[in-house]
Every structure is written in C-alpha cells, then in structure tokens.
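Working notes, beginning with the structure itself.
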Amino acid sequence: MPLYCAPTTSGSGSEATHFAVIYMGGKKYSLASHHLLAESVAVDPRLSSSMPPYLTACSGFDALSQAIESFWAAAATDKSREYAAKAIALILPALEKAVNDPCAQSRNSMAEGAYYAGKAINISKTTAPHAFSYYLTSVFNLPHGHAVAIFTGVFFKINSEKIPPELYRIMG
C-alpha cells in the first residue's frame, strides 16, 4: 500500500524520511526502510495551528537541529546540504514568531522548513546532538526537541573550528 503523509507538527520531518523511531522499555529503536518513505506528502501548516508555544518551540528546534546536523554530517552530500540550507533559511527567521506570536507565514515557513530538514537527514542522517538527546528523552521524559536543543548548542561550541564556514554564512 502506498504511504501518504500529512505532518501535524513542524519538527520531525518524518514525512520526508525512510526512518521511524519507537521507544520500548525506555530504549529507542530506529527503523529504516524504503517502505517508510511516503509516496506523497501534504504539508499544510494549518495542521500545526493548535500547537501550544512549548511544543512549537520543541518541534521547531528539532527541525532546525536536523538541518544544522545534516549540514555538518560526515555523510552530507551537495543535495543534503542544499536541503539543509533551505530548511535553515526558512526556520531561523520564523521560529521565534511561530512560538510567541504565530501567524500563517511563520507556520508556513516552519512546516516547509521541517519538510526540507527531513529531506536533508534522509540523505545524511543526524549526528551527535540527536544521539545524545535520546538519553534525556527516555530517562528524564524531556521532549525530544528540547533535549536536542541542549546538545546542539554544546556541540556547535565544541566543534566551532570544524564547522563548514558556509553554515555560518547561512545562519547569518
């Protein structure tokens, strides 16, 4: 059966990946299969309009971190970096507005940015900030996007000299 997806948050990007995550008994299990890649995706920002600010922030930072990590990932390609750059350019200027004073434009930018972040990580996968965040999520029940936000800043600082200069230009 074909898979059709319509995301209701602007964060996971799972509508554009061949990955799925399941938590069982406090452990994270990742699945990867071409059967998980949607045949068609309907990205409609109105589906995220009822999200409260904290969930919007968590979801948004998950998408932003995916794009950043995809850009610096060892498995990055020109195409994944293109998707990541597009995601960052959409998400960065919209995230604060989407959280604090959402409007159609900020929600649209977040939804489209999350989709492109998903397309980016579908190629490159995520990196250490995501890997470390799963512990905080499973042990302390901290929402995934919040947990990854904690580690992304730390890794950015630790690895600042090794981060591709283009990423700094994209992020302004």
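The values are calculated or read from the model by the stated rules, or taken from the named source; none is laboratory data. All values derive from a computational prediction rather than experimental measurement. For neighbour counting, all protein chains shown are included, and Cβ atoms are generated from backbone atoms with ideal geometry for every residue, glycine included. Ligands, DNA and RNA are excluded from the accessible area calculation, which covers all protein heavy atoms including side chains. Shrake-Rupley method; radii C 1.70, N 1.55, O 1.52, S 1.80 Å.
Observations on the model:
- Close Cβ contacts (under 7 Å, 6 or more residues apart or on different chains) running from residues in segment 64-86 that are free of Cβ contacts under 8 Å to residues at least 60 places away in the same chain to residues that are surrounded by 24 or more Cβ atoms within 10 Å (Cβ to Cβ) and part of a loop (DSSP other than H, G, I, E, B) comprise Ala73/Thr127.
- Every residue from segment 71-93 that is modelled with pLDDT of 95 or more and buried (at least 24 other Cβ atoms within 10 Å of the Cβ): Tyr83, Ala84, Ala87, Ile88, Leu90, Ile91
- Members of segment 1-35 that are outside any loop (DSSP other than H, G, I, E, B), in contact with a Leu (Cβ under 9 Å, 6 or more places away or on another chain) and within 21 Å of Thr152 (Cβ to Cβ): Ser14, Ala16, Phe19, Val21
- Screening Ala74, Ala38 for residues that are within 26 Å of Pro164 (Cβ to Cβ) and small (Gly, Ala, Ser) leaves exactly one candidate, Ala74.
- Of all residues making up segment 104-133, the number that are in contact with a Lys or Arg (Cβ under 7 Å, 6 or more places away or on another chain) and either farther than 11 Å from Lys86 by Cα or without any contact (Cβ under 8 Å) to a residue 40 or more places away in the chain (or both): 2
- Scanning segment 24-35 for residues that are in contact with a helix residue (DSSP H, G or I) (Cβ under 8 Å, 6 or more places away or on another chain) and loosely packed, with under 14 Cβ neighbours inside 10 Å turns up Gly26, Lys27.
- Failed condition for Phe61, given (1) closer than 16 Å to His18 by Cα; (2) open to solvent by less than 60 Å² (accessible area, probe 1.4 Å): (1)
- Each residue in segment 87-103 was checked for being out of contact with any helix residue (DSSP H, G or I) (no Cβ under 6 Å at 6 or more places or on another chain), without any contact (Cβ under 8 Å) to a residue 60 or more places away in the chain and hydrophobic (A, V, I, L, M, F, W, C), and 1 of them qualify.
- Ala38 being in a helix (DSSP H, G or I) and surrounded by fewer than 22 Cβ atoms within 10 Å (Cβ to Cβ): no
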